[in-house]
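One structure is given below, encoded as structure tokens.
The values are calculated or read from the model by the stated rules, or taken from the named source; none is laboratory data. Predicted, not measured: the structure shown is a model, and the values here were computed from it. Ideal geometry is used to build each Cβ from the backbone, glycine not excepted, and the neighbour counts take in all protein chains shown. Just so you know, the surface numbers come from the protein's heavy atoms only, side chains and all, with ligands and any DNA or RNA stripped out. Shrake-Rupley method; radii C 1.70, N 1.55, O 1.52, S 1.80 Å.
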Amino acid sequence: MIFMFQLHPYQQELVNEARSKLADGNKSVCIVSPAGSGKSVIIAEIARRTVQKGGQVLFIVHRKELVDQITASFKQQDVDLHHCTIMTVIKVRNRLGKIPKPNLIITDESHHSLAKTYKQIYDYYADVVRLGFTATPWRMNGNGLGEIYDEMVTGKSVKWLIEHHYLAPFKYYSVSNVDRNKLKRSSTGDYTSSSINNAMSKTVFGDVVEKYQKLANDQQAVLYAHSVEYSNLYAEEFQKHGINAIHVDAQTPTKQRNQIMSEFKAGKIKVLCNVDLISEGFNIPEVPVVMLLRPTKSLVIYIQQAMRGMRYRPGKVAIIIDQVANAYEFGALPDNDWEWSLEGRAKSAKARTVSECEFCHATFYSDEWITSTNEETHRMIKICPECGREKPVLPQDRDGSKRVQDAKLVDLATKQGRLNLLANKRPRRQRSLWTIYQVLDAQKQTGAANVKYPMQRALHIRLDQEPTIAETELVSFADHLQMPVSRVMFSYHNALKKHQQPTTKLFNF
């Protein structure tokens with residue numbers, strides 16, 4: 001007898017909303033639901049219903065390791081596999097016209113679907129309805145998925161899933177073992193492996209084990225490294241300290257990999273070190289601890305890896321040990337309320353980096369530093385345009401590299417930790433009045449910057465970005481603050497009047 005999964009109410013809501021979008025005449029819908037929320041169960045149930053009505057399903061994955069996994073999910077849900085084609089995107093592309101024509105195409109991890117191979121499949125089956133599933137509809141190049149999908153439906157947030165016991169709560173510890181000044185980006189937009197090697201602190205290996213022993217309390221863990229070399233080195237370091245750890249990657253022979261996973265499930269292996277293998281959609285045993293040792297510019301990688309230990313179990317509290325400061329890279333924890341959209345992220349006409357004065361905490365564009373010459377040393381220096389103090393130069397190590405400053409090990413998932421994380425963001429990089437205000441208010445509360453009037457400063461920064469602020473945004477802002485709209489409008493018109501004065505020089509302080 002087959003035990004079939006029954007969809008939770010929040011999962012059924014997603015299915016109903018997607019069906020409604022298709023009933024409205026849309027040909028493609030992107031379904032967004034957080035990592036660990038049971039997308040494979042939803043997919044299997046949709047496939048079962050489609051096949052039950054006489055349809056043919058084409059299911060596309062981007063990695064061969066996921067084919068067996070989704071096949072097992074389909075069998076569990078009693079899907080007739082005779083009416084399903086489950087293949088990697090490359091195999092499907094190479095078999096167009098040879099496999100049975102589908103009535104429904106389902107794409108897993110659909111943030112990849114802008115790639116050429118996916119488009120070739122979609123173009124070939126242009127008359128076939130498509131569903132895409134992802135936890136992160138985000139591309140590093142900023143392109144949106146609107147080219148592929150007509151509509152998007154979004155499931156419950158991570159916070160909601162935690163509160164209703166569908167995901168585990170977590171503690172998030174962040175301490176940096178990487179000098180981000182040394183990180184270099186490749187043509188793909190993410191950091192190069194060689195630059196990560198250069199940026200990693202020499203003490204990282206022993207520190208990784210020390211933090212595990214201090215925080216994980218001998219619990220099972222998954223460790224994400226940036227390279228096979230480093231993953232093996234981490235495993236060796238754990239073994240030196242009597243902790244059974246092993247490395248596994250996509251090139252590990254299948255028989256050996258299966259043996260490793262079996263021993264990990266049995267609890268014989270404490271720490272599983274890998275490079276991206278145990279990431280998007282990959283099914284691993286329930287683990288309580290995740291260690292992040294790969295600095296990344298990819299929000300997809302960050303969320304997928306950070307949330308890998310958040311499967312729910314009564315009484316469980318997941319532990320995330322981020323030793324490369326990825327939380328600070330994105331200014332967010334896994335339960336951040338993301339505002340997903342099919343539209344691409346806007347790019348500035350002229351890229352400008354932002355600087356902050358260490359002394360007065362004024363935040364401004366980097367090209368606004370005042371350049372001068374030190375009278376004693378005769379070297380070029382930069383002076384803060386607000387307080388007039390010289391920008392300090394970080395002490396140099398013997399090899400000429402900038403020294404990595406020590407970071408305190410703190411739980412960012414606490415109220416104070418979240419406030420500190422928010423205060424670390426750059427107000428000018430936010431793209432709404434409310435998010436700008438949140439950063440400024442956090443800076444005021446923590447003393448991270450000398451912010452006296454966060455609402456007024458937020459209005460001025462927003463007016464730096466746009467000539468005027470839409471009334472709908474102002475009303476929404478007032479609603480967030482639970483403040484009369486009239487008061488916000490009064491402050492806005494005062495800010496607009498001052499902002500339009502050509503001699504006014506504004507700083508975020």
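Annotation: amide H-H contacts under 5 Å for Met152 (H modelled 1.01 Å from N, sequence separation of 5 or more, or interchain): Cys30. Relative protection proxy for 478-489, 452-463, from highest mean packing down: 452-463, 478-489 (other beta-carbon atoms within 10 angstrom). Heavy-atom accessible surface of the chain, averaged per residue, reaches 50 Å², computed with a 1.4 Å probe.
Note on the chain: with neighbouring protein chains present and a 1.4 Å probe, carbon and sulfur make up 48 percent of its accessible heavy-atom surface. Spread over its residues, the convex hull of the C-alpha atoms of the range 157-242 is 144 Å³ per residue.
Using only helices, what value at 222 nm comes out for the chain when you add -39,500 (n - 2.57) per DSSP H run of length 4 or more and divide by the total residues, to the nearest 500 deg cm²/dmol? Write out the running numbers ahead of the final one.
Working: 17 runs with 180 residues, N = 509.
About -10500 deg cm²/dmol.
Angle between the Cα long axis of helix 228-240 and the longest principal axis of the chain, 0 to 90 degrees, nearest 10? So the inclination is approximately 90 degrees. Taking a straight Cα-Cα cut-off under 18 Å and skipping sequence neighbours fewer than 8 places away in the same chain, the lysines within cross-link reach of Lys119 are Lys27, Lys91, Lys98, Lys101.
Approximating the spin labels as points 7 Å out from Cα along Cα→Cβ, the Val67-to-Trp340 distance works out to 2.7 nm. Counting Lys and Arg as +1 and Asp and Glu as -1 over every other residue whose Cβ lies under 11 Å from the Cβ of Leu114, the net charge comes to +2. Per 10 Å bin, what percent of the C-alpha pairs of the range 128-199 does each bin hold, from zero upward? Values per bin, smallest distances first: 14, 24, 30, 28, 4. With no solvent and one point per C-alpha, what does the Debye sum give as log10 I(q)/I(0) for the range 26-86 at q = 0.17, 0.20 Å⁻¹? Listed by q, the Debye log ratios stand at -0.58, -0.81.
Structure note, pairs Lys240/Lys316; Lys214/Lys240; Lys39/Lys156; Lys39/Lys171; Lys182/Lys214: Cα-Cα distances above 19 angstrom occur for Lys240/Lys316; Lys39/Lys171; Lys182/Lys214. Rounded to whole Å, give me the distance from the Cα center of the range 182-233 to that of the range 259-273. After rounding, the separation between the Cα centres reads 20 Å. Shape analysis of the chain based on the Cα gyration tensor places the equivalent ellipsoid semi-axes at 42, 31, 21 Å, largest first. His493 sits with roughly 110 Å² accessible to a 1.4 Å probe, with DNA, RNA and ligands left out of the calculation. For Val153, what is the net charge nearby, where nearby means another residue's Cβ is under 14 Å from its Cβ and Lys, Arg count +1, Asp, Glu -1? Local net charge: 0. Sorting 22-29, 287-294 by their mean Cβ neighbour count within 10 Å, with the most densely packed peptide first, gives 287-294, 22-29. Taking every DSSP beta bridge that has both ends in the chain, the antiparallel portion is near 25%. Helix 471-481 and the longest principal axis of the C-alpha atoms of the chain enclose an angle of approximately 90°. Whole-Hz Karplus values for the range 183-198 come out as 6, 10, 9, 8, 5, 7, x, 8, 6, 6, 5, 5, 6, 5, 4, 5 Hz, taken residue by residue from phi with 6.51 cos²θ - 1.76 cosθ + 1.60 and θ = phi - 60°; glycine and proline positions read x. For the range 80-143, the list of trypsin sites (Lys or Arg not before Pro) that fall in a loop by DSSP and count at most 15 other C-beta atoms within 10 angstrom reads Arg95, Lys98. Annotation: lysines with alpha-carbon distance below 21 angstrom to Lys497 (same-chain offsets under eight excluded): Lys452, Lys505. Each of Ser40, Ala115, Ser20 was placed along the dipole of the range 18-133 (beta-carbon charges, centred on the mean Cα), and the one lying farthest toward the positive end is Ala115. Enclosing the Cα atoms of the range 210-322 in their convex hull gives a volume equal to 102 cubic angstrom per residue. For the range 299-307, putting each phi into the Karplus relation 6.51 cos²θ - 1.76 cosθ + 1.60 with θ = phi - 60° gives couplings of 4, 4, 4, 4, 5, 4, 6, 4, 8 Hz, in residue order, rounded to whole numbers and with x for Gly and Pro. For the chain, the longest principal axis of the C-alpha atoms and the axis of helix 254-265 are separated by about 70°. All other residues whose Cβ lies under 12 angstrom from that of Met455 are scored, Lys and Arg at +1 and Asp and Glu at -1, for a net of +4. Across the range 52-62, coupling constants 3J(HN,Hα) worked out from phi with the 6.51/-1.76/1.60 Karplus curve, θ = phi - 60°, read 4, 8, x, x, 10, 10, 10, 10, 10, 10, 9 Hz, and Gly and Pro carry x.
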